[in-house]
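Participant: If you scroll down you'll find the structure; I have some questions about it.
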Amino acid sequence: MKRLRKGDSRAMKETYDRYVGGLTSLCSRYVADAEDVKDILQECFVKIFGSIDSFEYLGEGSLNAWMSRIVVNRAISFVRNY
C-alpha cells in the first residue's frame, strides 16, 4: 500500500495483475461487450490509482471491496448512459 501511494509503477502493475481477472468478471456481469469492459476497467484503474490516497485499509479484502465498488458503479453508469 505504501508503494502504491508513492506512485510506484511496479506496485501498480502487481496490483493490476492481481485484481484484473476478478474485476473483469465483475464488470462482465453488467456489460456484455468485451471491448466496453476493457474501456471501463481502464477508466477504473486510472481512478483507483489516482485516488488511492482516499482508500482506507480496514483489513484483508478491503482493497478488493473498494476496487469492486468503483467498477460496479462505473459499469452501472455505463449501462444507464448507453
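The values are calculated or read from the model by the stated rules, or taken from the named source; none is laboratory data. Every value quoted in this text rests on a predicted model; they were computed, and no experiment measured them. Only protein heavy atoms, including side chains, enter the accessible area calculation; ligands, DNA and RNA are left aside. Shrake-Rupley method; radii C 1.70, N 1.55, O 1.52, S 1.80 Å.
Participant: Determine ³J(HN,Hα), in whole Hz, for all residues of the stretch 61-75 in sequence, where each value follows from phi through the Karplus function 6.51 cos²θ - 1.76 cosθ + 1.60 and θ = phi - 60°; x replaces Gly and Pro.
Facilitator: Values, residue by residue: x, 5, 5, 4, 5, 5, 5, 4, 5, 4, 5, 4, 4, 5, 5 Hz.
Participant: Take the solvent-accessible surface of the protein heavy atoms, probe 1.4 Å, and return the percent of it on the chain that carbon and sulfur atoms account for.
Facilitator: That fraction is 49 percent.
Participant: Taking K13 as the anchor, which aspartates and glutamates have their alpha carbon closer than 18 Å to its alpha carbon, excluding any fewer than eight residues away along the same chain?
Facilitator: By straight Cα distance, K13 reaches D39, E43, D53.
Participant: How much solvent-accessible surface does E43 expose, in Å² to the nearest 10, with a 1.4 Å probe and all protein chains in place?
Facilitator: Counting only protein heavy atoms, the figure is 90 Å².
Participant: Under 5 Å between amide hydrogens, which residues at least 5 positions from D8 or on another chain qualify, with H placed 1.01 Å from N in the peptide plane?
Facilitator: none
Participant: Still on this model: Please calculate how many Å² of accessible area the chain carries per residue, with a 1.4 Å probe and no DNA, RNA or ligand atoms counted.
Facilitator: Accessible area per residue: 69 Å².
Participant: What percent of all Cα-Cα pairs in the chain falls in each 5 Å bin, counting up from 0?
Facilitator: Whole-percent P(r) values from 0 Å outward: 3, 15, 28, 25, 16, 9, 4, 0.
Participant: Sorted by accessible area (1.4 Å probe), largest first, how do K2, K38 line up?
Facilitator: Correct descending sequence by accessible area is K2, K38.
Participant: Full-extension gain between F49 and I76, please, as 0.36 nm times their residue separation minus the C-alpha to C-alpha distance. Intermediate results must be reported in sequence, preceding the final value.
Facilitator: Values: separation 27, 0.36 × 27 = 9.72 nm, distance 2.04 nm.
My answer for the length gained is 7.7 nm.
Participant: Further, regarding this structure: Note the angle between two axes, namely the Cα long axis of helix 34-50 and the longest principal axis of the Cα atoms of the chain, as a number of degrees from 0 to 90, rounded to the nearest 10.
Facilitator: Around 30 degrees separate the two axes.
Participant: Ordering L58, L41 by how much accessible area each has at a 1.4 Å probe, largest first, what is the list?
Facilitator: Ranked from most to least accessible, the order is L58, L41.
Participant: Arrange the residues S25, S77, S9, S62 by how much accessible surface each exposes, largest first, with a 1.4 angstrom probe.
Facilitator: Result of the area sort, largest leading: S9, S25, S77, S62.
Participant: Got a sec to turn the phi values of the stretch 15-22 into Karplus ³J(HN,Hα) couplings, 6.51 cos²θ - 1.76 cosθ + 1.60 with θ = phi - 60°, whole Hz, x for Gly and Pro?
Facilitator: Result, rounded to whole Hz: 5, 4, 4, 6, 10, 4, x, x.
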